[in-house]
Each structure stands twice: as structure tokens, then as C-alpha cells.
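Colleague: The structure follows.
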Amino acid sequence: MKHIFILLLLVSGILQAKNTFDISGKVTANNESLPFVNIYLKGTKIGAVSQENGNFIIENIPEGDYVLIASFTGFKTYQKQISLHEKNIIININLEEVELLDEIVITGTLKPVKRLESPVPVEVYSPTFLKKNPAPNIFEALQNVNGVRPQINCSVCNTGDIHINGLEGPYTLVLIDGMPIVSGLSTVYGLSGIPNSLIEQVEIVKGPASSLYGSEAVGGLINVITKLPENAPLFFADSYVTDWGETNFDVGFKAKIGEKSNMLLGANYFNYSNPIDNNNDNFTDVTLQDRISVFQKWDFSRKENRVFSMAGRFFYEDRWGGEMQWNPEFRGGNDIYGESIYTTRYEVIGKYQLPIKENMMFQFSYSDHDQNSAYGDTFYLAKQRIGFGQLTWDISKQNHDLLFGTAMRYNYYDDNTPITVNSDKIVIPSLFAQDEITISEKHKLLLGARYDYDKRHGNIFTPRLAYKFKPTEHDIFRLNAGTGFRVVNLFAEEHASLTGSRDVIIEEELKPEKSYNVNVNYLKKLYTKNSMIIGIDASTWYTYFTNAILPDYDTNPNQVIYDNLDGSATSMGLSVNLDAVLSSNFKALAGFTIQDVSQKENGVKQRQVLTEKYSGTWTISYKNFNYNFTIDYTGNLYGPMRLPVLGELDPRKDESQVWSIQNIQLTYDGFKNFEVYGGVKNLLNWTPNKGNPFIIARANDPFDENVVFDTNGNVIPTADNPYGLSFDPTYIYAPNQGRRLFIGLRYRLN
């Protein structure tokens, strides 16, 4: 009996051995061995990693049909159906490289072009980058982009804007699908409510782009490009919550309507209704928000693949911040201080290629923005409508790539402030042209100019020049030079004009801002012997303003003074981005910026307020293919910046400390169609009250009832007010939200 049992075990082992197989082979790329590549069977934990010579072997695989996957960051994922039934398999895998720095971009030249071929440097950020630190809006999502800083401008209502290369938010033009509809009044509030799940990519151009896009594109522009319906998943949902009580929910789907149209519908909902006062000043640390945004996009099929698409977005937000006991009953009164903002906004954008032989495109947009806000007992009621139409003609002849265009912009603005006696209505016609000349395979030159007519300021001419030199396949030098202009809409753009108790003083009629800019850019791609791929993107820039409208907080601590600059202002600096594929598991993106942004007036040079001397950002990602999880560590670091204190007696620091916001996230994607993610935001628990006795001046007396003024309007120090301060919430330079946990779930059905 014993011998029979042993015999059965041997037979069973032999049969089991016959039912297991091996897969072996070699991984190469560009005819060279590729080590450290993950090779695994989809839906299982069976796999291996290629060795130094590229060879690999996966042993003891049960009989069956599988999908073999080879994955290495920086290369296209390899997939192959295999059947293991009779014998072992030998497979040689050749991976195709995904070109770093070679995405298709549109923003720099108004036409699709490979990023490596564009004479204008354009930075591109994908949804994968945005997911590494989940955020409920594009404003927060850009905090890990080098040289781009979301700036909160008020510690009560937490509205903000985006700085590029140290220049204030109004100098940044935000586009949606190439249309300049987020500007003026919506610069402060319109950066929220764009569902991140609908974003195809974000393109950023640093430096003036007024020759293509007109006013406001002085410091740079951000183009949020939404997905085409045919490229979107069939259904998607993404939601996360934090232990502060924040809830964010994105949902969307696509559908084919009839034979010639595709539709994409998406919505974003964000809610935060949990007042928190960790710094014990009786004011909310973070503004409470209830926001919904609905986005719909249509793409129509036409003969000869001509383009026709339309999209619309509706946005509503109710936000408030203020004293902890505030509720809507106190809105607009002087009993309990609160800043309450109701925003209603809708947008329509479209693109239509004319049905003619010539490549002509008509684009249009319209936005309607209605803001009902109360800052304490001061109401600010404003409406803004922007209509925009643009016709472009793209011609390619031999070594010339020509673009001609004409545009018409209609601006309507009205508010209840004394400065706006009558509503402001203006129509601005424009003409522009550019010629991209291919001199040789290594040399390319772009010449462009734009003409605008503004009846308030007359003729405005903005030329630009771009030159690209490509000495080798992996080295590119770019030189860009041009001019910029911007017409200031003070109350629509400067939140400090409304919040707090400072008086707004406009000393003279404000003229347009004008600037000259030069930017030198260098791109390099390196391949190391141990199969690392490193992309280098370095830029140095110099911007000179002949006129700039900058708020003066220093002359009188109780006033914000605006006038034309009697002198000049400059922005100069150096920025470097490093994008590295370190192995199949590790990828890193890091950047640093050194800058000097200052103004010189009456012979006195002064650094611009709320502008850091240097900054750095990083994103480090580790992917474990065997266990289906990814770790993302993101962060930023900012150097000292000058702060708007209220005079010499103000005990708050007049210069910020070096500060950093760091985050970590773990994502598991081992479930079919699902991803589970979670982590910690602001690991260091940094808030701007660190090292300061308080952030909001006179938080205990927000209506200045117990403040004594002299005949000139200056605060007189008293026993109750020893520092001689008035209520002021504009002393803010970093998010006032500490460490928090988050957890989320994504679902995607293709």
C-alpha cells in the first residue's frame, strides 16, 4: 500500500509538471538589450524582470491562454496573446520608444505641431501628471509645475490666481480649447470647476504671447485642452474625500448620437462645509465651498475629415469665509464679518473648418459671468460678457508655413463700484500673421505680428520673433522675443481692492501695460548606458515693462494705491526642468526656478510683493507591476517673498520663511476597471501662521469699530490696538490648510 501511494504521488507530480510551462526571451530597443523591463501575464501575479543582457524567463506557468505584457516607462507597452498548451515559448520583444518632449502641441503657433519641432517652447502636462496629486480644480492641480505658482490672495475667501515666472495672475491668460474665455472678472474665480477627468492635456507657454492671443497674455498662458468625445472612455467616475470633510466627485460618459456625431458629458461637484479654525483667530482657515460644473462637448463627422466641434460649460459656486459664527443671515451686514460670493457662469466654444479647398478655420466663444459678492458690509455686484470670433487661414508653400488671421473680441463689464458709472462696452478688432520659415533641417525662423485697435488706447502693434536651431537629433536651442500689452480692469482683477478695510486710491487714469521680452530655451535628451532616459528643458528670460499697474501697499498701510509706473519693472530668471526615466519602476520630474521680479520708480528699486526669489518642484513615482501599486511623492519649495505688512509696528514678518508643501499618494490598480488611491496632503503640516503671532490683522475687530484714526486717515496706536493696525486679510502667501488624509476611487469603462 505504501509503495502504491508513493507511485501515485510521482505520477501526480509528473502530470503537474507537464501542465506547467516556461516563457523566455530577450527584450531589446533600438537594437540594444534593455534591462529591468517588467514582463508579466495580465491579470496574474506571474512575471519576471529582464536581466542586464535583456534576457528573461518566466517559469512554472499553468497551462492556459494569456496576454503577455512588457512594460518599461518611456516605451510603448507591448502586448501579445499567447497559448501555453503543448510546449514552452520563446519570445523576443522589441519595445518602441515613446518620445520624451515629442507630444503634439497647439498653443505656441495656433496649429498642431510636434513639441520638438515647435519654434516656441511649450510645456505639456498630461492627466497622468494631474492624478499624481489629486485636486478638485485646475488651480490646485498646477502647484507642482515648475515656474507656475497658484497664489491665494485673501485669507478669508481664498480666491487666487496663477503666477508664471513671478508675474501676477492678471498677466496669465487661461484658455479652454484655445479660446480666451477665462479672463478679467473670471480670472479670480474661473480657474475652478474644470473637471480634471475631462482634460486631455495642459499646455503652458511662459513669456508674452500677445502677438497671437492679444491682451493679458503678457506673462504667459495656460491652455486647458479637453478630450475629444471619441478619445474619452465610455464611462468614468472619480471621487475622493478628505478627513477635513472635503468631497470631490467627477463623472462622465460618451455616446454616439446618430451616425455623424459623438457627445461627451461630464460633471464635477465639490463640497466643503466643515468650518475649521486651527489657528484660533475665530476665522475659517479654509473657505467653505459648494460648487458644481457641467461640461458637454460635441464632435461632428464631416466629409474629408473637416473639423466641427462645439462645447459648453455651466458653473455655479457658493463660497464663504469669515468669522466662525457667520451664516447667510449676516450677509452684507456689519454684525458678523463674512465674505460671501455667489458665482454663476456659462460658456460656449466652437470650431468649424470651412468647406473649401483652403485650410481655413473659424473659432468662436461666448461667456457670461455673474458675480454677487459681499465683503463684510460692502457689496460687489458685477457682470461680464465676452464674445470672441477668430478666422485663420493656414497655408504651406515650400519652406514657408504661413498663418493669417482676423479676430473680433467683444467685452462687456458692469459693476456697482463708484468707478464704473456706466457699463464698459468695447469691441476690439484684430489682424495677425506669422510665417514659419524652414531655412534648413537644422534652422527654423518664425516671424509674427498682431494689430489690435482699442478705441480707448488707439492702435496696438505687437511683433514677435522665434528662432530654432537643432544641431543634433537630441539638442534644440530656441530664441523667442516679442512684446506684450494688457489693458487693466482693476476691480475685476485685483481682489485686494475689495476685501478688508484698505481704501482704494486711483491717482490717475491707468494706461495700458506694455512689455518687451526675450527668452532663450534649450532642450536635451540623454540616453545613459544603464538605459536611463533624461530630458532637460532649461530657459532664461528677461521681461522689461515700460508701464505696469502694481498695487502699492507700502506708502499708506490703510490704502491700496494704483497709478502708472514712473520708471520701469523687470522680471528675469532661470528655470530648469528635468524629466527622467530611471528604470521601468522609477520616474522623476524635477525643476527649479531662480528669479528677480522688481520695479524701479523714482530711482528706487524694490522687489515685487508676494514673489518668491526661488522655487523648486518635484514628482517621484514608483510602480510595482507585480503587486499593481504606484507610489507618487510630490512637492514644492518656495524661497522668501516680501509680504504686505501694515507699517513698522506690525509684528508679522515682512518676509516669508522658506516653505514647502509635500504630498504622498498610493494607488492600487489591480482590480478590473477600478483604481483605489489615498494618501496625505501637506505632509509637513505647513501653514503661513508658523512663526507669526496672527495672519489676519485685527481679526477681533473686522469692522474697525475700535480703531482710532488721525485726520489723515492713519491708525493711532492705543492700549487696545498697540500695533496701530486695521482689519486686513491680505497677508497670505501659502495655503492655510494643514495636513489632511484623503482616499478615493476611480472607475473607467473603455
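Readers should treat all values here as calculations from the given coordinates under stated rules, not as data from a laboratory. Being a predicted model, the structure only gives us computed values, none of them experimental. Cβ: placed from backbone, ideal geometry, glycine included. Neighbour counts: every protein chain shown.
Colleague: Mean projection of the alpha-carbon convex hull of the stretch 226-749 over all orientations, in nm²?
Modeller: 29.4
Colleague: Taking the Cβ of each residue in His369, His400 as the centre, tally the other Cβ atoms inside 10 Å and list the residues starting with the fewest.
Modeller: Going from sparsest to densest Cβ surroundings: His400, His369.
Colleague: Exceeding 32 Å between C-alpha atoms, which entries from my cross-link table qualify? They are Lys227/Lys455; Lys605/Lys653; Lys227/Lys514; Lys254/Lys442; Lys303/Lys383. Provide the component values of the computation, followed by the final result.
Modeller: Numbers: Lys227/Lys455 38 Å; Lys605/Lys653 21 Å; Lys227/Lys514 35 Å; Lys254/Lys442 43 Å; Lys303/Lys383 41 Å.
Too far apart for the 32 Å limit: Lys227/Lys455; Lys227/Lys514; Lys254/Lys442; Lys303/Lys383.
Colleague: On a full-extension model of 0.36 nm per residue, what is the gain between Ile664 and Met310, subtracting their alpha-carbon distance, rounded to one decimal in nm?
Modeller: So the chain would gain 123.7 nm between Ile664 and Met310.
Colleague: Can you return the aspartates and glutamates within cross-link range of Lys357? Criterion is Cα-Cα under 20 Å, with same-chain partners fewer than 8 residues away left out.
Modeller: Within reach: Glu304, Asp394, Asp401.
Colleague: In addition: Run the helix sum for the chain: -39,500 (n - 2.57) per DSSP H stretch of 4+ residues, divided by residue count, reported at 222 nm to the nearest 500 deg cm²/dmol.
Modeller: Dividing the helical sum by the residues of the chain leaves -1000 deg cm²/dmol.
Colleague: How much length is gained if the chain between Ile356 and Tyr410 is pulled fully straight, taking 0.36 nm per residue apart and subtracting their Cα-Cα distance, in nm to one decimal? Can you show the working numbers first?
Modeller: Details: separation 54, 0.36 × 54 = 19.44 nm, distance 2.77 nm.
Full extension of this stretch gives 16.7 nm more.
Colleague: Okay, moving on. Considering the dipole of the stretch 226-749 built from charges on the beta carbon (Lys and Arg +1, Asp and Glu -1) around the Cα centre, which of Ser373, Asn673, Thr226 is farthest to its positive end?
Modeller: Asn673
Colleague: May I ask you to list the GluC sites (Glu not before Pro) in the stretch 591-695 that are in a DSSP loop and have at most 13 other Cβ atoms within 10 Å of their Cβ? Could the numbers behind the result be given before it?
Modeller: On the way: sites: Glu601, Glu612, Glu648, Glu655, Glu675; in loops: Glu648.
Passing both the DSSP loop test and the Cβ count: Glu648.
Colleague: For Trp393, Trp320, Trp618, which order do you get if you count the other beta carbons within 10 Å of each Cβ and list the fewest first?
Modeller: Going from least to most buried by this count: Trp393, Trp618, Trp320.
Colleague: Each residue of the stretch 145-159 in order: what ³J(HN,Hα) in whole Hz does its phi give by Karplus 6.51 cos²θ - 1.76 cosθ + 1.60, θ = phi - 60°, with x for Gly and Pro?
Modeller: Computed from phi, the couplings for the stretch 145-159 are 9, 4, x, 10, 10, x, 10, 7, 9, 8, 7, 9, 9, 6, 6 Hz.
Colleague: Using the structure shown, list the pairs from Lys524/Lys613; Lys511/Lys600; Lys470/Lys524 with a Cα-Cα distance above 21 Å, or answer none. If you can, show how the numbers build up before the last one.
Modeller: Values: Lys524/Lys613 26 Å; Lys511/Lys600 18 Å; Lys470/Lys524 10 Å.
Check vs 21 Å cut-off fails for Lys524/Lys613.
Colleague: Nearest 10 degrees is fine. How inclined is helix 2-18 to the longest principal axis of the chain, computing both from alpha carbons?
Modeller: It is inclined by approximately 60 degrees.
Colleague: Next question. So how much slack lies between His443 and Asn750, counting 0.36 nm per residue of separation and subtracting their Cα-Cα distance, in nm?
Modeller: That pair, His443 and Asn750, stretches by 106.3 nm at full extension.
Colleague: On to the next question. Below 8 Å between Cα atoms, with a sequence gap of 6+, how large is the relative contact order for the chain in percent?
Modeller: Numbers: 2045 pairs, mean separation 77.1, N = 750.
Computed value for the chain: 10 percent relative contact order.
Colleague: Cross-link candidates for Lys681: which lysines have Cα within less than 18 Å, leaving aside residues fewer than 8 places away along the same chain?
Modeller: Straight-line reach from Lys681, under 18 Å: Lys131, Lys132, Lys690.
Colleague: Provide Tyr213, Tyr522, Tyr240 in ascending order of the number of other Cβ atoms located within 10 Å of each residue's Cβ, fewest first.
Modeller: Tyr522, Tyr240, Tyr213
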